[in-house]
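What follows is a single structure, written as structure tokens, with notes after it.
The values are calculated or read from the model by the stated rules, or taken from the named source; none is laboratory data. Note that the structure is a prediction, hence the values are computed from the model and not measured. Positions of Cβ are generated from backbone atoms using ideal geometry, with glycine treated the same way; all protein chains shown enter the neighbour counts. For accessibility, only protein heavy atoms count, side chains too; no ligands or nucleic acids. Shrake-Rupley method; radii C 1.70, N 1.55, O 1.52, S 1.80 Å.
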Amino acid sequence: MSNLWTLTQASFSDEVLLPGDTIPKMFWNAVAKRGNKTWMRQKELGIWRSWSWNQAATAVREIGGGLLSLGLQPGECASILSNTTVEWVLCDLAILSAAGVTNGVYPTDAASQLHYLCEDSSTTLLFVEDDEQLDKALEVRAQLPLLRKVIVLDMEGLRGVDDPDVMSLEALRQLGREFNAHNAGRLDKAANLRKPEDLAILVYTSGTTGKPKGAMQSHGGLVFAAQQAAASLPQSESDERMCFLPLCHIAERIIGEYTSVYTGCLLNFVENPETIPENVREIAPHFLFAVPRVWEKFYSGVIISIKEASTLQQAAYAWSIGVGVQVADKTLAQQPIDGFLKFKFTLAQWLSLNNVRKTIGIHRARALLSGAAPISHELIRWYLALGVPMLEGWGQTESGGLGTFTRVDRMKPGTIGPASPKTEVKVDAVTGELLIRGPSVFMGYLNQPEKTAETVDKDGWLHTGDVGSMDSDGFFKITDRMKDIIITAGGKNITPSELENELKFSPYITDAVVIGDKRAYLTVIVMIDQENVEKFAQDNDVPFSNYQSLTRSREVQDLIQAELDRVNKKFARVEQIKKFFLLETQLSAEDEELTPTMKLKRKLVEKKYTPQIEAMYR
């Protein structure tokens, strides 16, 4: 199990790899240290384009100069409405270097949401990715009197645009070149203006319980978070990473962008969300961070492929994964692996497991990271059986992404690990709520002091809203969100996330929401995995004309019932799910039922599908 052994032997050090107490200082020190080394790569039209640290610095200096020429003042907000690209990173670093504040907007947000976020943040300059995002900006700009200019990153299809308030990124860079030529040192002075305690970025919450709240993160908190992420997971300039989750989300911002600035690891940007599996195989990153939905998708793809393989291949996989599970169980129990088992595992890797890892694209990976939502511990065990440890991190926007982190030398699936380095985590003795205190905890919610006071108490403890426990080794376990715990009509406390994670372990189920508060029994709303269920239907001659007819077919209903029966066997009778309902609409990030990280919004789903829920209780 060389991947695991290699990382276990790595040094977990508190040594500062790169000086700088703000993001701009850290970035410019990184440029001075690394110069012409490759920092970022992005695939465009099938060709990888590389950016050295010096090339990135040139772009940041020009964009930053352009922002200063447009009048960006220290502490003013500039927003970025774009998918995850190299340009997103360059604009972010330019805004911060010009002493501004960056606010990221999800590219799936509607024009009305863009209006709210820009108005609440007092955005003066707005970067948009392309013509589609520009349309949103133009729709609401009359309602944003503070907005001075919209900068378009990709002008394809917009060459004929003649609008004094709209300019291309290249035009901004030209403006910056001219400004810098006549104002030598201005950008450097601006970059040094901000202090560790000053506001750096805004990260808006998903708004599932009301209007989104702008979480304020300081420069010092972000630098601390990047340093601790690197201390928890050692990496270097020779490592390659992937950057594909939304950069306006705190997780990718810290683990992707800022940790890469700090450590120098090479960042690869995917072409688009649809090419993630292909790009993972092509890049074969040394570390890969993703949300549970991505890991579940990789797993289900392998399982479906195995079902289609020859009898001999199926037998080889079954034996090999069985050996892998033996190794994984001994590793998790911290028991020695004898020579014979090591030999069998080497044979299992040669026979099948190496090919499985290559099929996914994790054959070079020293570790996999999962966060942003709970994941099935059986899924963690499966990846470990392949030979690659999967580590869980827990935190939230308000904690700067930090909270707990599983270390590879002590894994406990079913827990979220011990507290992150130099971060305090405890369980409230009365409510059972998990509390966090540390340098990365946010400054508060923009324009909402009363909400801030509700979230961070007078002693600096962040109230996370997650209920959990801590074992004798200092490992934490999340039971559920405080607001999501189900109390049945019979008075039984149910944690829906445990059931939901077991269901999502199925290759045919993408997401699930368990219902049952104040009810006599549990039911569940299920979102199927379209690709795998369609494959099942085709293989079994199940007729369907569209997504809705697919979900309504008796064979698919029976398929999901079988998955439900499998899960129910693991739980006591009072915790078992009696009925289910399949969502009949194929959802995407643009739909209100899903968060930007592709999780079903529990309260909204319960409200929107009330008739279907009530039908399950009649």
Here are the criteria: (1) in a helix (DSSP H, G or I); (2) at pLDDT 85 or above; (3) more than 29 Å from the chain's Cα centre (by Cα). Tell me which single one PRO543 does not satisfy. (1)
Do we find a residue being among the small types (Gly, Ala, Ser) and either surrounded by 19 or more Cβ atoms within 10 Å (Cβ to Cβ) or touching a Lys or Arg at 6+ places or on another chain (Cβ under 7 Å) (or both) anywhere in segment 302-316? no
For segment 127-140, state whether one or more residues are open to solvent by 70 Å² or more (accessible area, probe 1.4 Å) and of a type in the set (Lys, Arg). no
Does LYS297 satisfy the criteria of being under 30 Å from LYS43 (Cβ atoms), open to solvent by 30 Å² or more (accessible area, probe 1.4 Å) and either out of contact with any strand residue (DSSP E or B) (no Cβ under 9 Å at 6 or more places or on another chain) or not aliphatic (A, V, I, L, M) (or both)? yes
Looking at the structure I just gave you, is GLY210 of a type in the set (Gly, Ala, Ser), surrounded by fewer than 24 Cβ atoms within 10 Å (Cβ to Cβ) and at pLDDT 95 or above? no
So ARG381 ticks every box in (1) at pLDDT 90 or above; (2) assigned to a loop (DSSP other than H, G, I, E, B) but one. Which box is left unticked? (2)
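Can you tell me which residues in segment 256-312 are among the charged types (D, E, K, R) and modelled with pLDDT under 85?
GLU271, GLU274, ARG293
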Which numbered condition GLN217 fails, given (1) part of a strand (DSSP E or B); (2) out of contact with any Phe, Trp or Tyr (no Cβ under 6 Å at 6 or more places or on another chain): (2)
Scan of segment 330-365 for residues that are open to solvent by 80 Å² or more (accessible area, probe 1.4 Å), under 19 Å from ILE304 (Cα atoms) and touching a residue at least 12 places away in the same chain (Cβ under 8 Å), ordered by number: LYS358
Looking at segment 8-38, which of the residues that are more than 21 Å from LYS195 (Cβ to Cβ), of a type in the set (Ser, Thr, Tyr) and not in a helix (DSSP H, G or I) is modelled with the highest pLDDT? THR38
Filter segment 453-477 down to residues that are open to solvent by 30 Å² or more (accessible area, probe 1.4 Å) and either in a helix (DSSP H, G or I) or out of contact with any Leu (no Cβ under 7 Å at 6 or more places or on another chain) (or both), then give me how many there are. 11
One residue is enough: does segment 244-259 have a residue meeting the conditions open to solvent by 20 Å² or more (accessible area, probe 1.4 Å) and polar (S, T, N, Q)? no
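Of all residues being open to solvent by 20 Å² or more (accessible area, probe 1.4 Å) and charged (D, E, K, R) in segment 23-60, which is farthest from the chain's Cα centre (by Cα)? Just the residue, please.
This residue is LYS33.
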Enumeration of residues in segment 506-531 that are in contact with a helix residue (DSSP H, G or I) (Cβ under 8 Å, 6 or more places away or on another chain), over 20 Å from TYR617 (Cβ atoms) and crowded, with 20+ Cβ neighbours inside 10 Å: SER506, PRO507, TYR508, ILE509, THR510, ASP511, ILE528, ASP529
Test for LEU353: is it over 30 Å from PHE405 (Cβ atoms) and hydrophobic (A, V, I, L, M, F, W, C): no
Scope segment 56-78; condition part of a helix (DSSP H, G or I), free of Cβ contacts under 8 Å to residues at least 60 places away in the same chain, closer than 17 Å to LEU153 by Cβ and touching a helix residue (DSSP H, G or I) at 6+ places or on another chain (Cβ under 8 Å); matching residues: ALA56, VAL60
Every pair of residues 6+ apart whose Cβ atoms lie under 9 Å, when the first sits in segment 419-440 and is in a loop (DSSP other than H, G, I, E, B) while the second is among the acidic types (Asp, Glu): PRO421/ASP14; LYS422/ASP14; GLY438/GLU424
Among residues belonging to segment 396-410 that are open to solvent by less than 20 Å² (accessible area, probe 1.4 Å), assigned to a loop (DSSP other than H, G, I, E, B) and over 16 Å from PRO374 (Cβ atoms), point out the one that is modelled with the lowest pLDDT. VAL408
If you scan segment 119-129, which residues turn out to be closer than 20 Å to ASP154 by Cβ and either of a type in the set (A, V, I, L, M, F, W, C) or out of contact with any strand residue (DSSP E or B) (no Cβ under 7 Å at 6 or more places or on another chain) (or both)? LEU125, LEU126, PHE127, VAL128
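In this structure, does ASP120 turn out to be farther than 30 Å from ALA191 by Cβ and either open to solvent by less than 10 Å² (accessible area, probe 1.4 Å) or among the acidic types (Asp, Glu) (or both)?
Details: farther than 30 Å from ALA191 by Cβ: no; either open to solvent by less than 10 Å² (accessible area, probe 1.4 Å) or among the acidic types (Asp, Glu) (or both): yes.
Spelling it out, it is not the case that ASP120 is farther than 30 Å from ALA191 by Cβ and either open to solvent by less than 10 Å² (accessible area, probe 1.4 Å) or among the acidic types (Asp, Glu) (or both).
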Scan segment 528-543 and report the pairs whose first residue is under 13 Å from ARG293 (Cβ atoms) and whose second residue is outside any strand (DSSP E or B) and among the basic types (Lys, Arg), with Cβ atoms within less than 7 Å and a gap of 6+ or a chain change. none
ASN83 vs (1) modelled with pLDDT of 95 or more; (2) touching a Pro at 6+ places or on another chain (Cβ under 7 Å); (3) not in a helix (DSSP H, G or I): all pass except (1)
Give just the number: which of (1) under 26 Å from GLY75 (Cβ atoms); (2) open to solvent by 10 Å² or more (accessible area, probe 1.4 Å); (3) among the polar types (S, T, N, Q) does GLN217 not satisfy? (2)
Can you tell me which residue among THR551, THR510 is touching a strand residue (DSSP E or B) at 6+ places or on another chain (Cβ under 6 Å), touching a residue at least 60 places away in the same chain (Cβ under 8 Å) and of a type in the set (Ser, Thr, Tyr)? THR510
May I ask you to list the residues in segment 226-239 that are closer than 28 Å to ASN36 by Cβ and either touching a helix residue (DSSP H, G or I) at 6+ places or on another chain (Cβ under 6 Å) or open to solvent by less than 20 Å² (accessible area, probe 1.4 Å) (or both)? ALA226, ALA229, ALA230, ALA231, LEU233, GLN235, ASP239
Qualifying positions in segment 492-505 - open to solvent by less than 70 Å² (accessible area, probe 1.4 Å) and either assigned to a helix (DSSP H, G or I) or farther than 23 Å from LEU564 by Cα (or both): PRO496, SER497, LEU499, GLU500, ASN501, GLU502, LEU503, LYS504
Members of segment 268-289 that are assigned to a helix (DSSP H, G or I), closer than 15 Å to ARG49 by Cα and aliphatic (A, V, I, L, M): ILE283
